[in-house]
Amino acid sequence: MADAEGLGGDAVARLRLIRTPRIGPVTYAHLLARFGSPEAAILALPQLAARGGGIPPAVAAPAVAERELASVRRLGARHFFKGDPTYPPLLAQLDDAPPALILRGDATLLSRTPIAMVGARNASAAACRFARQLAVELGREQVVVVSGLARGVDTAAHVGAIETGTIAVIAGGIDISYPPENAELQERIAREGLLIAEQPPGTEPRARHFPYRNRIIAGLALGTVVVEAAPKSGSLITARLAAELGREVMAVPGSPLDPRAQGCNGLIRDGATLIQSAADVLETIRPIDSRMVESPRSGFRTATPEDASDSDRRAIVDLLGPVPVAIDELIRQSQASPAIVQTVLLELELAGRLERHAGGRVALS
């Protein structure tokens with residue numbers, strides 16, 4: 001299986017681009033689509049930022065990328081880059097799919113049927129027991145359980161699936177155990193299952209990292225099962241991301257007297273599939289399993305690059321402001337081609353004048 005060790009200098013160039021400030025997943029994809037290689041993209045950054053009215057970001061030095069590659073190898077892990085055959089195909093369908101993942105463990109689990117299971121950190125004993133048993137039963141059917149290694153439901157799901165196959169997506173570096181009480185479980189998953197991180201080694205998890213982790217959980221799986229969740233919880237964010245990707249959202253009902261069940265009950269009210277057993281999960285996902293893999297969602301679309309004129313830039317910048325606006329709306333109102341709009345947004349972002357928000361929206365920074 002190919003990984004970063006076989007990429008040589010290309011891996012260094014990719015990591016330099018990925019670790020450069022202002023270059024997020026969407027911008028990275030645009031740059032590679034436009035220039036064909038990370039080396040060419042790096043050379044183009046000064047000109048692009050100048051067109052956007054700012055100075056270019058400081059590109060990560062080769063030594064930074066080389067140290068990361070060496071550190072990952074020492075930890076017994078490896079990088080998987082978007083665009084490589086080894087990269088998870090379902091995750092690649094995301095508009096903001098991580099340009100690089102760091103994996104430690106059995107990567108062949110990525111080729112099996114994946115289901116995400118998430119829920120409350122302060123879950124009830126009944127919810128944890130249900131999650132653990134559901135994971136056991138799904139594992140018997142060769143389903144891989146994906147979760148976030150958090151307290152509560154996540155932990156129960158991983159424990160239930162550890163002997164048949166589980167994938168843990170963590171918010172920090174591949175070498176950082178969080179929460180601390182799950183250090184032993186995290187190490188066991190790295191040995192017997194698969195551990196995935198987006199952040200470089202040594203990164204302590206911060207609040208801003210968890211939504212990024214949640215999108216990976218939702219993106220890896222055909223569907224997401226929410227076992228117990230309060231309103232406005234991270235588990236509901238994962239479910240929303242799954243729904244936006246066209247993946248199945250499933251929820252376990254709970255007592256209306258328990259606040260921890262309100263999120264799940266609300267999902268069911270809004271159309272999520274009610275789950276009471278592994279058979280319910282399998283019935284939901286089996287019809288879409290092969291279809292999702294063979295006919296993937298289009299995700300981020302890269303148009304043929306076009307150079308923007310000064311009048312194009314003025315028209316698009318005039319439509320932008322501090323309130324996030326959908327890119328499709330910019331295309332409609334500016335009457336410019338999608339490629340022109342994306343080019344101008346790329347220039348503005350590299351100049352430090354644009355911020356990207358959830359749902360494909362952008363705003364001036």
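Can you tell me which residue within the range 33-47, out of those that are of a type in the set (A, V, I, L, M, F, W, C) and farther than 12 Å from A351 by Cα, is surrounded by the most Cβ atoms within 10 Å (Cβ to Cβ)? Break it down into steps so the answer makes sense when it comes.
The first filter runs over the range 33-47 and keeps only residues of a type in the set (A, V, I, L, M, F, W, C), leaving 33, 35, 40-45.
This time we only want the ones that are farther than 12 Å from A351 by Cα, so: 33, 35, 40-44.
Numbers: A33: 17, F35: 17, A40: 13, A41: 25, I42: 19, L43: 12, A44: 15.
So the residue we want is A41.
Entry remark, the range 18-46: residues being touching a residue at least 40 places away in the same chain (Cβ under 8 Å), in a helix (DSSP H, G or I) and over 18 Å from the mean Cα position of the chain (by Cα) number 5 in total.
A residue that is crowded, with 18+ Cβ neighbours inside 10 Å, outside the structural domain of V72 (by TED's automatic domain parsing) and in a strand (DSSP E or B) cannot be found anywhere in the range 172-184.
Pairs linking a residue in the range 189-206 that is crowded, with 17+ Cβ neighbours inside 10 Å and modelled with pLDDT of 95 or more to a residue that is part of a strand (DSSP E or B) and polar (S, T, N, Q), with Cβ atoms under 9 Å and 6 or more positions apart or on different chains, are I189/T166; G193/T166; L194/T166.
Residues that are hydroxyl-bearing (S, T, Y) and buried (at least 21 other Cβ atoms within 10 Å of the Cβ) occur at least once in the range 135-153. Scanning for something assigned to a helix (DSSP H, G or I), free of Cβ contacts under 8 Å to residues at least 24 places away in the same chain and surrounded by 14 or more Cβ atoms within 10 Å (Cβ to Cβ), does the range 339-354 turn up at least one residue? Scanning the range 339-354 turns up no residue that is assigned to a helix (DSSP H, G or I), free of Cβ contacts under 8 Å to residues at least 24 places away in the same chain and surrounded by 14 or more Cβ atoms within 10 Å (Cβ to Cβ).
Within the range 47-72, the set of residues being under 24 Å from the mean Cα position of the chain (by Cα) and either in the same structural domain as L348 (by TED's automatic domain parsing) or polar (S, T, N, Q) (or both) comprises S71 only. Taken together, the residues in the range 212-259 that are in a loop (DSSP other than H, G, I, E, B) and of a type in the set (K, R) amount to 2.
Does T86 satisfy the condition of being surrounded by fewer than 22 Cβ atoms within 10 Å (Cβ to Cβ), farther than 22 Å from A197 by Cβ, touching an Asp or Glu at 6+ places or on another chain (Cβ under 7 Å) and not small (G, A, S)? Full working, then the answer.
On the way: surrounded by fewer than 22 Cβ atoms within 10 Å (Cβ to Cβ): yes; farther than 22 Å from A197 by Cβ: no; touching an Asp or Glu at 6+ places or on another chain (Cβ under 7 Å): yes; not small (G, A, S): yes.
So T86 does not fit the description; no.
The values are calculated or read from the model by the stated rules, or taken from the named source; none is laboratory data. This structure is a prediction, so every number in the text was calculated from the model and none was measured. Cβ coordinates were reconstructed from backbone atoms using ideal geometry, including for glycine residues, and neighbour counts include every protein chain displayed.
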